[in-house]
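S.K.: Right, I'll just put the structure down here and ask away after.
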Amino acid sequence: MDETGTEIAPGIIRDHIHPYAGLLGANLAQADLTRANLTGAILTDASLSGADLTGARLSGADLTRADLTGARLAGAKLIGAHLNSAALDRADLTDADLTGAILTRAAQNDVDLTGLTRAVRDNLYPGPAFRDLRAATLTGADLTGANLSGADLSNADLSDTRLTAANLVHADLSGAMMNGARLSAANLTAATMYGTEMTGADLTGASLVGVVLISADLERADLCGADLTDADLNPADLRQVRWSRPEGTTGGESGDREGVGSDPAGRPTRWPVLWEVVIAQRSVKIAPGVYQVVDGWEDRGFAAIFAT
């Protein structure tokens, strides 16, 4: 039997693996699909747990509800792929390209992007990371409501990615590109964001409590209604950042933070201790309850002020 007729999974031969293949509900668990070309393939409800998809081409593929638990997807091309409700626990997506991929949260949080959640919670070494996302490309991906708590996204490209209401608690986003990312109402509590680039990012109503933002670039980011309590911002680039302080409140008033309304400017931005006064001195009012840090502001000014 030639290679094309070789069985790679029960009832599936190599000849079945090709662009736009119809593999609805196929059992490809543990299959060797290294560098396979499955562009546009229908893999809805397929079992790919433990499969080796290193370097595979899956752009435009439909992987809705597919089981990719423990799959190896390092360097795979998943541009525009549909991964709604896919199980990706422990999958390895190192250097994978998910530009424009759709991973929208299912009703029951079926999109499993938990990764290192348990390891972080139990203070254990994570061992083999859930699809290590270091340096992964997710430009423009829809990760609305995704659970990425504890995930390693260092040096990943998340430019223009939709992360609305996503869970990024304890995530490592050091060096990540998040310019133009949409993070409204996202939970970034205790995330690590050394040198993260977030120019023009939407962080309205986001929780940034205890986040490490040392050397992060937040130029033109929108922080209206965001909570930065205990965040480490020194130094960080806050030029032209927008923030909110509702009319009738004074510096230091925290206001009601129960939930995030449709208008984040209606709720105050919470700054670390002492920062609101300094920020206010370097901001101009641009709309009712909305302020913007003046252009040309230097972050070193904060260190100098706090040292005196």
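S.K.: Using 0.36 nm per residue, how much length does the chain from S215 to Q30 gain when fully extended, once their Cα-Cα distance is taken away?
M.R.: Numbers: separation 185, 0.36 × 185 = 66.60 nm, distance 4.27 nm.
Taking S215 through Q30 to full extension adds about 62.3 nm, to one decimal.
S.K.: While we're looking at this one, here's another question. Taking a point 7 angstrom from the Cα of A287 along the C-beta vector, which residues in the stretch 219-234 have backbone N less than 17 Å away?
M.R.: Within reach of a label on A287, which here means backbone N under 17 Å from a point 7 Å along Cα→Cβ, the stretch 219-234 contributes 220-226.
S.K.: What is the set of long-range amide H partners of N37 at a cut-off below 5 Å, with H atoms built 1.01 Å from backbone N?
M.R.: Under 5 Å from the amide H of N37 lie the amide H atoms of R57, each far enough along the sequence or on another chain.
S.K.: I want the antiparallel fraction of DSSP beta bridges within the stretch 1-79, as a percent rounded to 5.
M.R.: 20 percent
Only the coordinates and a few stated rules stand behind these numbers; no lab work does. Predicted model only: the values in this text are computed from it and were never measured. Neighbour counts run over all protein chains shown; Cβ positions are idealised from the backbone, glycine included.
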